[in-house]
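To start, the structure itself, in structure tokens.
The values are calculated or read from the model by the stated rules, or taken from the named source; none is laboratory data. From a predicted model like this one, the values you see are computed outputs, not experimental measurements. Positions of Cβ are backbone-derived with ideal geometry, glycine not excepted, and every protein chain shown enters the neighbour counts.
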Amino acid sequence: MDTKVVYLYEQNLDEETLIECGRIVREGGLVVFPTETVYGLGANALDGEAVKKIFKAKGRPQDNPLIVHIADVGSIKPLVKEIPEIAKSLMEKFWPGPLTIILKKSELIPLETSAGLDSVGIRMPSNIIAAKLIEESKVPIAAPSANISGRPSPTDMERCIEDLFGKVDYIIGGEKCDFGLESTVVDCTEYPPCVLRPGGVTLEMLQEIDENIYIDPAILKKIDETFKPKAPGMKYRHYAPKAPLYIIQGQRDKVVEKINSMVEEYKKENKMIGVIATEETKDLYKDALVISLGSIKDMKTLGKNLFETLRVFDDKGVHEIFSECFEEKGIGIAIMNRLKKSSGYNIINV
Ligand code: TXA
Ligand code: MG
């Protein structure tokens with residue numbers, strides 16, 4: 001398939017391109033676009049045949065439902081059966097932004113989009129290109145992250161080209177994603193609402209609206225027989241770099257010491273090691289390819305750089321990756337969730 005690629009400047013949007021891409025979506029095609037979380041692979045959410053193409057392009061498991069993106073709060077009404085008061089409060093506070101709200105779906109949402117479930121996740125992105133594209137398409141847009149299934153989600157246009165060139169009609173580029181981690185998913189089909197996937201809207205922020213909102217216990221644990229996560233997508237090994245990834249958990253100085261001793265070991269076998277570090281610790285490592293995610297004082301930046309860092313290690317062909325751990329508070333919960341999943345829960349305690 002021919003793929004057109006275009007970069008749009010947020011301050012000076014090319015209306016013609018957005019109108020063309022909107023038409024492609026409406027008529028059943030696939031368009032990759034930036035959002036404030038990660039890049040999305042979009043299709044008309046109301047067209048089951050179009051949505052099937054998303055699953056094919058990504059190699060996505062059929063039982064994993066898609067998030068439906070809208071451009072204004074008014075357009076949610078026909079898509080769902082009812083909107084509980086708590087969901088209204090969350091929308092008012094966090095939309096547009098990185099929050100997906102799950103509600104009981106209406107007949108308008110095809111089973112391809114919801115992967116057979118009777119609920120649907122809805123999100124109103126704040127990224128201006130995403131908002132304009134949805135507006136121009138005149139339909140809600142179903143969009144998973146724009147990566148081949150299992151790979152780290154793309155946070156810039158080049159990574160979308162790498163994964164999806166030749167498989168979609170259009171790739172729209174914009175600035176690097178502001179959050180770099182996928183949206184927080186909160187299930188409002190039952191009370192109290194439950195966080196199924198942590199993200200940029202933190203548990204603490206949600207609890208300011210209602211202190212009873214809680215996080216799916218499976219998120220914080222290794223997934224085994226007894227703990228089944230409620231979001232179908234959370235059970236797969238995800239965000240995975242090519243090399244095995246290990247998280248070293250413990251006090252910072254112990255972590256640095258352990259990573260250095262492991263690097264030393266692997267060096268004897270002539271292996272190239274990648275280390276995920278911070279500004280505060282990056283100079284403490286020797287003989288490894290060290291990438292700093294940013295300062296430990298700025299958790300949002302750590303999250304923003306995580307997926308791209310995993311992809312850089314893929315490019316460099318490192319044999320193993322060792323990562324420091326981060327405090328599971330605020331955005332740190334989302335960062336550690338993605339890290340644990342990328343590592344396949346390979347955690348070394350020191
Ligand atoms: O930030 C984001 O949400 C990005 C951008 C493109 O908006 N999209 C994204 O989509 O991350 P995806 O498909 O990679 O992840 C969707 C997650 C999956 O874990 C899926 O299982 C869950 O949301 N999900 C979607 N609809 C659901 C539903 N009805 N019930 C439970 N979980 C649902
Ligand atoms: Mg994804």
> When you look at ASP47, is it surrounded by 14 or more Cβ atoms within 10 Å (Cβ to Cβ), over 13 Å from HIS69 (Cβ atoms) and away from ligand 1 (no atom under 13 Å from the Cβ), yes or no?
Replying inline: yes
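Which strands (runs of 3 or more DSSP E) sit wholly inside the range 1-93 and have at least 2 residues that are of a type outside the set (Gly, Ala, Ser) and in contact with a Phe, Trp or Tyr (Cβ under 8 Å, 6 or more places away or on another chain)?
Values: elements: 4-7, 31-33, 40-44, 67-69.
The qualifying strands (runs of 3 or more DSSP E) are 4-7, 31-33.
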>> Looking at the range 255-281 only, could you name the residues that are within 30 Å of the chain's Cα centre (by Cα) and either outside any helix (DSSP H, G or I) or loosely packed, with under 14 Cβ neighbours inside 10 Å (or both)?
In response: MET272, ILE273, GLY274, VAL275, ILE276, ALA277, THR278, GLU279, GLU280, THR281
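Quick check on the range 20-44: of everything there that is within 14 Å of LEU8 (Cβ to Cβ) and of a type in the set (A, V, I, L, M, F, W, C), which residue is farthest from ligand 1 (Cβ to nearest atom)? Before you say what the answer is, go through the steps one by one.
So in the range 20-44, the residues within 14 Å of LEU8 (Cβ to Cβ) come out as 20-22, 31-35, 39.
Filter again for of a type in the set (A, V, I, L, M, F, W, C), leaving 21, 31-33.
Numbers: CYS21: 15, VAL31: 12, VAL32: 10, PHE33: 8 Å.
Looking at residues that are within 14 Å of LEU8 (Cβ to Cβ) and of a type in the set (A, V, I, L, M, F, W, C), I get CYS21.
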> What tally of residues in the range 176-195 results from selecting those that are in contact with a helix residue (DSSP H, G or I) (Cβ under 9 Å, 6 or more places away or on another chain) and closer than 17 Å to MET91 by Cβ?
Replying inline: 8
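Of these, THR100, THR113, which one is under 15 Å from THR37 (Cα atoms) and in the same structural domain as THR202 (by TED's automatic domain parsing)?
THR100
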> With the range 138-222 as the region, which helices (runs of 4 or more DSSP H) entirely inside it contain at least 1 residues that are closer than 21 Å to ASN337 by Cα and of a type in the set (Val, Ile, Thr)?
Replying inline: 217-220
> Given GLY28, GLY40, GLY48, which one is modelled with pLDDT of 95 or more and within 15 Å of ligand 2 (Cβ to nearest atom)?
Replying inline: GLY40
>> Criterion first (touching a residue at least 40 places away in the same chain (Cβ under 8 Å) and surrounded by fewer than 15 Cβ atoms within 10 Å (Cβ to Cβ)) does ASN349 satisfy it?
In response: yes
> For the range 11-44, what are the residues that are out of contact with any Asp or Glu (no Cβ under 6 Å at 6 or more places or on another chain) and surrounded by fewer than 23 Cβ atoms within 10 Å (Cβ to Cβ)?
Replying inline: GLN11, ASN12, LEU13, ASP14, GLU15, GLU16, THR17, GLU20, ARG23, ARG26, GLU27
